[in-house]
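Peer 1: My questions will all concern the structure given below.
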Amino acid sequence: MADRLGGHRPTRVVAAVAGRRGGAAAGRGRRTGHAFARFVAEGVGTPAPVAPTRELVVGGLYRYVRNPVYLAVLAAIAGQALVLGRLVLVPYAAVVAAAFVAFVHWYEEPTLARQFGDRYQVYRAAVPGWWPRRHPWRPAGDD
């Protein structure tokens, strides 16, 4: 394990945390993959701006929060900072978060508003961008 941590030997506590966090990271990876798959199955497109979806993606994790993939990336960076004890990753996470927020605010939200109109505005009003809802949002007529 010391080789994987750049020659550092973790304490037993860090090793225990790393083991637990590894399972959590695997779960986050599955959820992120699920979020990406939603773009293909539900949105008929990709998350990339060069090949956007034709339909507004509001299912799965997107019923809880509008930006689950960005949040998963930030959680992964924060988890690495915690598990590896690398505090330099904390300001890095802040810079990445600022870039995500700026991209969403200045590009994604205006683009989605133009592409999907009132449907996106209803979704945006009901589902938070960065702090997940406790219960999934159900669009009108989705019974």
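Peer 1: Out of the residues in region 89-116 meeting the condition of being under 16 Å from residue 54 (Cα atoms) and within 18 Å of the chain's Cα centre (by Cα), tell me which one is surrounded by the fewest Cβ atoms within 10 Å (Cβ to Cβ).
Peer 2: Kept after step one, since they are under 16 Å from residue 54 (Cα atoms), are these residues of region 89-116: 108-116.
Filter again for within 18 Å of the chain's Cα centre (by Cα), leaving 108-109, 112.
Numbers: 108: 18, 109: 15, 112: 21.
In this case the residue turns out to be 109.
Peer 1: Right, another one. Within region 120-137, which residues are touching a residue at least 40 places away in the same chain (Cβ under 8 Å) and assigned to a helix (DSSP H, G or I)?
Peer 2: Within region 120-137, 120, 123, 124 meet the criteria.
One line per residue, one yes/no per condition, for (1) in contact with a helix residue (DSSP H, G or I) (Cβ under 8 Å, 6 or more places away or on another chain); (2) assigned to a helix (DSSP H, G or I):
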| site | (1), (2) |
| --- | --- |
| 75 | yes, yes |
| 80 | yes, yes |
| 83 | yes, yes |
| 86 | yes, no |
| 93 | yes, yes |
| 96 | yes, yes |
| 104 | yes, yes |
| 110 | no, yes |
| 114 | no, yes |
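Just so you know, all these numbers are worked out from the coordinates, no wet-lab data involved. Keep in mind it's a predicted model, so treat the numbers as computed, not measured. Counting neighbours? That spans all protein chains shown, and the Cβs are built from the backbone with ideal geometry, glycine included.
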